[in-house]
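Accompanying notes for the structure given below.
What follows draws every value from the coordinates through simple rules; no lab data is involved. Predicted, not measured: the structure shown is a model, and the values here were computed from it. Ideal geometry is used to build each Cβ from the backbone, glycine not excepted, and the neighbour counts take in all protein chains shown.
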Amino acid sequence: MTPDYSMMQQLLRTTLPEASPASLHGLVAGLLTSGAPDIDEDDIATLMQTQFPSVVAQLVGMLISATREQLQQTDFSFQLLLPLDDVALVQRIQALGNWCESFTAGFAAGFVQAETALGSEGREAITDIAQLASLSDEIDDDLEDEENDYMELVEYVRMAAITLFQQLATAEENAKPEAEASPFMAPDDEDHLLH
C-alpha cells in the first residue's frame, strides 16, 4: 500500500525537509522503471547524497515495495504519488514537476541497458517527462482552465512510466547482460532532486 501523501509530507517536514513525497516517489519510480529492480532505501539515500533518519528509511522502504508491486501489476494500477485534488492546483503542478524531475534523474542513474532497448517510443516518453520537470517554472496566475490539462498530464506521465517499465523489463528478459554492471551511478549534481 502506497503511503499517504499528506502523512509523508508531515513526516518529511520534520525529518528531511529538503525532500517532498513527490520527489521521493519520482526517484523511486525512475530507478525501478530503468531496469534496476533490486534497489533499497540506501540506494535512494545515496542518490540524494544524504542519510535517512530511521523513520524515513522505513518509509522509503515501504514506498519502494509499493511502487514495485504497482508497476508489476498487469491492471495498470500504478499511480503517481501527488497531492490530493483538494490541494491548490499550483501546489499540485509544482509536485508533478518535482516528480518528473526526480523520475528523470532516477531513470538516468539506473539505466544500464543498451539505448536500443528504449526504442523510439521510450526515448520520446523520457524526453517528454524530462520537459515536464520545468512545469513549476511555467505556472500562470490564472489556473481556472488548467485543471483538465493537469489531469491529462498526470495520466500521460503515469502511462509513460508503466510503458517504460514493461518495455525495459521485457528487453532485460530477452537480452541478459553479458557483463556485471553497477545498478546505478549517482549523478554529479543532486540539488535538483531535493524539492
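Observations, loosely collected:
- The Kirkwood hydrodynamic radius of the stretch 44-85, based on inverse pair distances between different Cα atoms, is 11.9 Å.
- Relative protection proxy for 94-107, 57-70, from highest mean packing down: 94-107, 57-70 (other beta-carbon atoms within 10 angstrom).
- Ranked by how many other beta carbons lie within 10 Å on average, peptides 39-49, 147-157 from highest: 39-49, 147-157
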